[in-house]
1. Within the range 136-157, can you find the residues that are surrounded by fewer than 19 Cβ atoms within 10 Å (Cβ to Cβ) and either of a type in the set (Lys, Arg) or more than 16 Å from Asn171 (Cα to Cα) (or both)?
2. Mind checking whether some residue in the range 81-91 is touching a strand residue (DSSP E or B) at 6+ places or on another chain (Cβ under 8 Å), surrounded by fewer than 21 Cβ atoms within 10 Å (Cβ to Cβ) and of a type in the set (Ser, Thr, Tyr)?
3. Condition first: in contact with a His (Cβ under 8 Å, 6 or more places away or on another chain) and surrounded by fewer than 24 Cβ atoms within 10 Å (Cβ to Cβ). Now tell me which residues in the range 171-190 satisfy that.
4. Check the range 38-46 and report whether any residue there is in contact with a Leu (Cβ under 8 Å, 6 or more places away or on another chain) and hydroxyl-bearing (Ser, Thr, Tyr).
5. Name, by its number, the condition in (1) out of contact with any Pro (no Cβ under 8 Å at 6 or more places or on another chain); (2) hydrophobic (A, V, I, L, M, F, W, C); (3) under 23 Å from Phe229 (Cβ atoms); (4) not in a loop (DSSP other than H, G, I, E, B) that does not hold for Ile93.
6. Return the pair list, or none, for Cβ contacts closer than 7 Å from residues in the range 238-261 that are surrounded by 14 or more Cβ atoms within 10 Å (Cβ to Cβ) to residues that are at pLDDT 95 or above and polar (S, T, N, Q), at least 6 apart or on different chains.
7. Quick test for you: out of Asp64, Asp34, pick the one residue that is among the charged types (D, E, K, R) and closer than 30 Å to Gly161 by Cβ.
8. Identify the single condition in (1) surrounded by fewer than 18 Cβ atoms within 10 Å (Cβ to Cβ); (2) at pLDDT 95 or above; (3) closer than 19 Å to Tyr155 by Cα that Gln55 does not satisfy, given that it satisfies every other one.
Amino acid sequence: MKLTIIGSGTAIIKKERRAPCFLLETKNQKLLFDCGWGCLSGLMEIGINLNEIDQIFISHSHADHLANLIPLLQSILVTGVYFPQKARKKDLIIHGYKGFEKDYQSLRKIMFPEKQETYRIIIREHTNDKEKTNNLEIETKEVTHVPQYFPSVAYRINSEGKSFAYSGDCNYNENIIILAENSDLLLLDGSVPVESFRKHGPFLTHLSPFEAGKIAQKAKVKTLVLFHFYDISQKSEIESEVGKSFPGNLIIPDDLQQIIL
């Protein structure tokens, strides 16, 4: 497996960091996790044809994780209209949280109501389940971010003897530990600035670096990769805080960085 960090930033737009988006490549599949703004330009920059993407996984409905989904689908469709030889043929599976299909249909109606796809779009909603598809084992767990507004879901991919776990924005909860147990790589929100965490204590919507490390330690993961950075100038502090709870391999990535599992 190979993971490319397309975007590791937040809802605060910064030129050096796109909103969250991650490309996981297995031997036979290209999987996209979240589609925040900047996702499409990042994929173009590393030479990914949108027709190559096999499955998309959406963690929750905040715009910095979802904003480029409909533009991605529109780009695929319009490419096929004007350049029929480049029209997509294979199915596209889009995974999401409970209620995702309704949100998807609403976004299509507002932003891109034309439905002239030359391929099937298959929507799958998840809570706490397992499925096998296209040589992949997919596990999901509900997690909490802002549950009073919408549900959120975390994903685990098992393939080729390797395991990858991902949660979008979330707070500390046991479901992530269960999902990520013994995984090769855990990609986790670790965004609460160290100074803010020390001053205010645990946040209700995001993880501090210390909490992210604690989850990784309890889950016995090999490598922890953090994202959703507000202030990367605190890199040394982030490393120090994670080190208090997780003795394993830590990566604080840049956009477009590639990681081999």
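1. Passing the criteria: Leu136, Glu137.
2. no
3. Once the filter is applied, which keeps residues that are in contact with a His (Cβ under 8 Å, 6 or more places away or on another chain) and surrounded by fewer than 24 Cβ atoms within 10 Å (Cβ to Cβ), the range 171-190 yields only Asn171.
4. no
5. (3)
6. These pairs meet every condition: Ser245/Gln217; Phe246/Gln217; Gly248/Thr223; Ile251/Thr223; Leu256/Thr4.
7. The conditions single out Asp34.
8. (1)
The values are calculated or read from the model by the stated rules, or taken from the named source; none is laboratory data. In this text, all values refer to a predicted model and were calculated from it rather than measured experimentally. Neighbour counts run over all protein chains shown; Cβ positions are idealised from the backbone, glycine included.
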